[in-house]
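The values are calculated or read from the model by the stated rules, or taken from the named source; none is laboratory data. Predicted, not measured: the structure shown is a model, and the values here were computed from it. Reconstructed Cβ throughout: ideal geometry from the backbone, glycine too, with neighbour counts over all protein chains shown. Note: accessible area is taken over every heavy atom of the protein model, side chains too, but ligands, DNA and RNA are not part of it. Shrake-Rupley method; radii C 1.70, N 1.55, O 1.52, S 1.80 Å.
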Amino acid sequence: MGHRACAIRQLSRRKKFPTPSCLQAGRNARLIFCHINRPLLNLNGGVRSLSSASTSPSPFRASYPLLTPSLGKYADATRYLSPHPHNNITPHIASLVGRDLHLRRNHPIGIIRAKIQEYFSSISRSTGTDYKIFDAEDPIVTSQQCFDDLLIPPDHPGRAPNDTYYVTDSTLLRTHTSAHQSQHLRSGIDAFLCSGDVYRRDEIDATHYPAFHQMEGVKLMDHYLVEGANDISGEEWLKSPQCQLVESDLKSTLEGLMDHLFGPTTRKRWNGDFFPFTQPSYELEIYHNDEWMEVLGCGVIHEQVLDLSNRSDRRGWAFGLGLERLAMILFKIPDIRLFWSEDERFHVQFEEGKIVEFQPYSKYPPVFKDVAFWTCRGDNKSGGNEFVENDFFDLARSVAGDFVEKIELIDSFKHPKTGRSSRCYRISYRSMDRSLTNEEIDALQFKLRDGCPSLGCELR
């Protein structure tokens, strides 16, 4: 259900974890959404070819043992790369769809998914609630599913193409697994878990990646438990004992999940939050490695969401969490890019059903390169689009794939006469598997510089 904003605490925000010893663990633990992109990046100076998508994110051949990527039924780049004027999906992103990391039994993401499903299966025997499992939903959803059905306002930044990957003007790569909530409720299902890969344009560092994985959980309460609230709504509903019962069931269920994952002595605390599709809303934190960490967002399903799902006669709760976030904590994995590695030295460390500490197998030195450019005029009389940082990050990922470890803005200023803004970024290139040479990184850096004018930038 996870850049912060004021107003509605912007569901698309990317809230970083505090840094526990060896890692800075991920984001997107909340009932989350995202933002969206602008013009299609044209990296080759012409019309992008559908055949330009690659199944490998690295532009150079590796000398270490690689596994053959396991591809699912949605691994078809032609579904995501199209000439539609609103399409902003790059070949790099298209190559990630259908990798199905959450379904690999010996992969950290798959192990965490299975452990969560195991917990809900175990409590179904005592609660009588049978959670239906969905873990192979189509990643292409409509804006109706992703936003309208969840009461995301038309002007919410989560709908802007600066942060979301659009296939057409009305279809997109889901930004959260909550996009499937209403469809399953409409089909008559009362309790379910939905996991899958989700996509957002994002900054570049060890805890952010444009593709990640989430799990959504939903439960509608039995009629007899909340029948006293059949004819009430709004504030009356929120103050009712039935609403408090739903909230209590939600919190006890999720506290049990944390005990299952982190141990029965885990300290927990609840904080109030805001999501358009739940009311009231909460975030759950646990005390781990001597600090409090947010692990998920949740709440009582908003009455209007139930109305839109043709379930206005029911009451229930929903939660959402990020699988990478939990995996980085539990396995102590320091870099989110590792989840996408096909290096055998990574994969041999993990076994179905077991939580083990990741053992780094290499630490190669980074190569630093800077790039500086002018963006469009401050008054925009040049006719160009306003510079969007995520466009630049997408360009870098499209050029260098997972060799890009981090991008930092190290200098910026505005010219007092022309009104133009200048930006200088430092790019850290590092392979997790081998040493990179200045020569090969220079080649990537020149290609990145050549792509900057497509963003309306003028190199300095």
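Among the residues of region 352-391, which ones are modelled with pLDDT of 95 or more and touching a helix residue (DSSP H, G or I) at 6+ places or on another chain (Cβ under 8 Å)?
E352, G353, K354, I355, V356, E357, F358, K369, V371, F373
Scan region 271-291 residue by residue and report those that are open to solvent by less than 60 Å² (accessible area, probe 1.4 Å) and under 21 Å from the mean Cα position of the chain (by Cα).
Result: D273, F275, P276, F277, T278, S281, Y282, E283, L284, E285, I286.
Let me spell it out: the conditions are (1) over 18 Å from the mean Cα position of the chain (by Cα); (2) farther than 21 Å from V305 by Cα; (3) of a type outside the set (S, T, Y); (4) open to solvent by less than 10 Å² (accessible area, probe 1.4 Å), and I89 meets all of them except one. Which number is the exception?
Evaluating I89 over (1) over 18 Å from the mean Cα position of the chain (by Cα); (2) farther than 21 Å from V305 by Cα; (3) of a type outside the set (S, T, Y); (4) open to solvent by less than 10 Å² (accessible area, probe 1.4 Å) leaves (1) as the failure.
What number of residues within region 445-460 satisfy the criterion of being assigned to a loop (DSSP other than H, G, I, E, B) and exposed (fewer than 12 other Cβ atoms within 10 Å of the Cβ)?
1
Filter region 93-126 down to the residues that are under 19 Å from E357 (Cα atoms), within 18 Å of the chain's Cα centre (by Cα) and open to solvent by 10 Å² or more (accessible area, probe 1.4 Å) and list them by number.
R113
Mind checking which pairs have a first residue in region 161-188 that is closer than 16 Å to G320 by Cα and of a type in the set (A, V, I, L, M, F, W, C) and a second that is part of a helix (DSSP H, G or I) and open to solvent by 10 Å² or more (accessible area, probe 1.4 Å), Cβ under 8 Å, 6 or more apart or different chains?
Going by the 8 Å Cβ cut-off, the qualifying pairs are A179/Q145.
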